[in-house]
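Have a look at the structure below before the remarks.
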Ligand SMILES: [Zn+2]
């Protein structure tokens, strides 16, 4: 289920443009508009939930699919030498969009 008031749901529906690098029936991957590394992609499930605590079994299926696809997507987009995955959860983590997303960071050596 998508949410009409959610930025990432609007991107999934094509109502807001994005720089897509991969898409299938369960996930979308696009470039972050404020990249924090040479390669900075966002992988989002095509169902709306904000937090892992809201995912449940159904959301978990989407997450399993996303994590199965990320290695190929990362490699094909300039992360041959490695990459970092980040999932911010809630206010203290600085989660700005309340639709769960996996940051894929790479294309360069990353510092902590
Ligand atoms: Zn959403």
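The values are calculated or read from the model by the stated rules, or taken from the named source; none is laboratory data. This is a predicted model, so every value here is computed, not measured. Ideal geometry is used to build each Cβ from the backbone, glycine not excepted, and the neighbour counts take in all protein chains shown.
Descriptive notes on the structure:
- Total residues in the range 27-52, condition part of a loop (DSSP other than H, G, I, E, B) and either more than 14 Å from the ligand (Cβ to nearest atom) or modelled with pLDDT under 95 (or both): 7
- The range 10-26 - residue that is surrounded by 12 or more Cβ atoms within 10 Å (Cβ to Cβ) and in a loop (DSSP other than H, G, I, E, B) and, of those, farthest from the chain's Cα centre (by Cα): 13
- Just one residue in the set 108, 89 is touching a strand residue (DSSP E or B) at 6+ places or on another chain (Cβ under 8 Å) and in a loop (DSSP other than H, G, I, E, B); that residue is 108.
- Taken as a whole, the range 67-75 holds at least one residue that is surrounded by 15 or more Cβ atoms within 10 Å (Cβ to Cβ), more than 23 Å from residue 1 (Cα to Cα) and free of Cβ contacts under 8 Å to residues at least 60 places away in the same chain.
- Qualifying residue in the range 22-29 (condition: touching a strand residue (DSSP E or B) at 6+ places or on another chain (Cβ under 9 Å) and over 14 Å from residue 69 (Cα atoms)): no
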